[in-house]
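Worksheet: the structure to be examined is printed underneath.
The values are calculated or read from the model by the stated rules, or taken from the named source; none is laboratory data. Since this is a predicted model, take the numbers as computed values, not measurements. Glycine also receives a Cβ, built like all others from the backbone with ideal geometry; neighbour counts cover every protein chain displayed. Heavy atoms of the whole protein, side chains included, go into the accessibility calculation; ligands, DNA and RNA do not. Shrake-Rupley method; radii C 1.70, N 1.55, O 1.52, S 1.80 Å.
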Amino acid sequence: MTTFPLLAVLLPFAAAFAGLLLSRRGLTRSRPEGTTTRQRAANTRAAWIAIVPTAASALLAISLAWTPGLAYFAGTTTPPTGRTYGTIVTGGIPISLTLQADALSSVIGVLVTLVALAVQVYSVGYLADDPRYPSYSAFISLFTSAMLLVVYAGDLLVLYVGWEIMGLCSYLLIGHWWEDRGNSRAAVKAFLVTRLGDVGFLFGIFVLGLAAGSFRIADVLAKVPDMSAATLVTATMLLLAGVAGKSAQVPLHTWLPDAMAGPTPISALIHAATMVAAGIFIVARLFPAFLAARPTLDVLAVIAALGMLGAALAALAQDDLKRVLAYSTVSQLAYMAGGLAAGSDTATVFHLLTHGAFKALLFLCAGAVIHHVGSNLMTQMGGLRRELPVTFVTMTIGFAALMGIPPASGFFSKDGVLLAMDGALSATGLTDAAALLLYGSALATVAVTGAYATRAWLRTFFGQARAVALQEPEPGTAHVVDVREAPRTMLVPVILLAAPALLLGIAGEPHLDVGVAVISVVLAALGAGAVYAFWRLDPIADPARLLGPLRAPCERAFYVDTLYAALVARPVLALARLVVRTDDVVVDGAVRGSGKSARGLSGVLRLAQNGNVQLYVGGLLAGVLLIAVGAVVFT
């Protein structure tokens, strides 16, 4: 089993290259099949190339997690499984090519591979006729491999390689439909914002590695007690920049809602269970270092408090169903960050697992709804529970888990995080102000989460169906409206994900605190009840009107993007225009001016060099005369 981590990483990596190189091999235009037939054949081949290695990787991940995963949540440890495949000599601190599965990484590895497998299968139906499906499935495989490299890496710099490949793949997948300018701009925004955070992340790795004398994660954690407080605070603050970028936390959260421009299965993969979870995983992976850096925990608590409540309020005012889930993801990830700040990595990782299951379920269900309706907007939905009964039931399970309604998985995992925040009020980890802000924001977020989840559920599946005007058909042709469920390739992953979204909390051997659990359920019910009451008064109107004057700021996510545009984007663009103008006028102007000066001087010299011999002789005599006069006058 020592090679299982390596095989788990290499299988989807090989699938990515095979998908790019072999999907269309032999399906040339010279063959008699039509273009559509060739495209379907290429898509089918690409699907098998992507799904089979991902399934094998999932089996390897499950086998690696069978014992260590149970031990992690039981509070015990087991020896890591893996090996070192060599060392890269750098002239300074060497880089150890180590891949291993310990208790934490084995659990996250199962989440990554199973969600990736579900997305690969789901995409077969969702993008059945997409001409770029082969490259799409290959990039998902590469993304899966990169995330597994992050999870199983035993060296910080090896981890960083997977971290950056994930960023590249997210750019390629978000911009899959690059013909639409909005999609390409969303991909560029995600790439730039996450790269900004990755600069700090890389320097944080350097600080830890230099202080420990090694980049091996085990060596770094062993040296944490010997590091100075200044070193730990500096390193963890820098790492926090990368965490905020990848996990879309304040202030680098603005890329995630715009990233919904990509295909919906990508949202389920990148924005539910893998890339956005990487930041939380890093903090849990290096948790002893963060625990020893108390100021960093205070900063993390404030970031989490602002992010969880602000994103939940933004979700309550969105009309785009995918953007509701996007802001929900930002809020739930902030919940996890708050659990880490409160000092409980186990409860946080448990919520990370349940969130990966139910949020992937919600995104895939949203994809089925959008696939059916042809729009992301909830104003064009309604009454779909009769037309999409399977999607209705599974999405209801997902919303129940998101709200924390028993017995769904989110109820148990959220209770553990809230209990940790409650304990932080009397513990010494956080300052009193940070702990109070964190816990108060968490309780308010529970109520708002119940409100926006209920609003999305009601507007999508209840009320009157919105009639969508269709184009006038050709003479003799009738309108055809598809009222069927999504294809089986889309429904099967959704049904399978509904099981852990509902039951994972019970399987995790929960230890409930009755008081915290009752408060959580009551607050969620209050939020849901308020939305339901407003909806019953006028089922056609948007229940978001309960926000009153706050609705516009919430819909615009408190104008953070506008603020960044004013303070960052526009000044940078103005500076770029100034640089271009300076280059054109000053630098290029000097070059062009020297050329013009040379040409002008040559024109003057050309007047004397006109080929007239008499002029040359006259000039010579005049010069001799001037010399003679000068000699007479000055001697």
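Side notes on the structure shown:
- Criterion: in a helix (DSSP H, G or I), open to solvent by 10 Å² or more (accessible area, probe 1.4 Å) and without any contact (Cβ under 8 Å) to a residue 24 or more places away in the chain - qualifying residue of 110, 161: 161
- Count - residues of the range 174-191 that are without any contact (Cβ under 8 Å) to a residue 60 or more places away in the chain and either touching a strand residue (DSSP E or B) at 6+ places or on another chain (Cβ under 7 Å) or in a helix (DSSP H, G or I) (or both): 4
- Taking first residues from the range 46-60 that are on the phi < 0 side of the Ramachandran plot and partners that are surrounded by fewer than 24 Cβ atoms within 10 Å (Cβ to Cβ) and of a type in the set (Phe, Trp, Tyr), the Cβ contacts under 6 Å between residues at least 6 apart in sequence or on separate chains come to 60/4.
- Given (1) part of a helix (DSSP H, G or I); (2) in contact (Cβ under 8 Å) with a residue 60 or more places away in the chain, index of the condition residue 539 fails: (1)
Each row is one residue, and each column tells you yes or no for (1) touching a residue at least 60 places away in the same chain (Cβ under 8 Å); (2) closer than 30 Å to residue 390 by Cα.
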residue	(1), (2)
493	yes, yes
507	no, yes
512	yes, no
516	yes, no
580	no, no
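- Residue list for the range 75-101, restricted to those being of a type outside the set (A, V, I, L, M, F, W, C), under 24 Å from residue 348 (Cβ atoms) and either modelled with pLDDT of 90 or more or in contact with a Cys (Cβ under 9 Å, 6 or more places away or on another chain) (or both): 100
- Residue in the range 264-277 that is free of Cβ contacts under 8 Å to residues at least 60 places away in the same chain, open to solvent by less than 10 Å² (accessible area, probe 1.4 Å) and part of a helix (DSSP H, G or I) present: yes
- Taken together, 293, 304, 273, 311 contain a single residue that is modelled with pLDDT under 90 and of a type in the set (Gly, Ala, Ser), which is 273.
- Test: residue in the range 316-323 that is in contact with a Phe, Trp or Tyr (Cβ under 7 Å, 6 or more places away or on another chain) and closer than 27 Å to residue 278 by Cα: yes
- Residue in the range 196-218 that is open to solvent by less than 20 Å² (accessible area, probe 1.4 Å), without any contact (Cβ under 8 Å) to a residue 40 or more places away in the chain and in a helix (DSSP H, G or I) present: yes
- Any chance residue 125 is at pLDDT below 90, buried (at least 17 other Cβ atoms within 10 Å of the Cβ) and under 30 Å from residue 487 (Cα atoms): yes
- Annotation note: of 223, 246, the sole residue that is under 29 Å from residue 360 (Cβ atoms) and basic (Lys, Arg) is 246.
- Checked against the criterion of being over 29 Å from residue 174 (Cα atoms), open to solvent by 40 Å² or more (accessible area, probe 1.4 Å), part of a helix (DSSP H, G or I) and not charged (D, E, K, R), the candidates 232, 238, 221 yield just one match: 221.
For (1) modelled with pLDDT under 85; (2) polar (S, T, N, Q); (3) surrounded by fewer than 20 Cβ atoms within 10 Å (Cβ to Cβ), each residue gets a yes or a no:
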| position | (1), (2), (3) |
| --- | --- |
| 474 | yes, no, yes |
| 498 | no, no, no |
| 514 | no, no, yes |
| 535 | no, no, no |
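- Lone unmet requirement of (1) crowded, with 23+ Cβ neighbours inside 10 Å; (2) on the phi < 0 side of the Ramachandran plot for residue 443: (1)
- Tabulated pairs, the range 549-562, first farther than 14 Å from residue 257 by Cβ, second open to solvent by less than 50 Å² (accessible area, probe 1.4 Å), C-beta under 6 angstrom, 6+ apart or interchain: 551/317; 551/544
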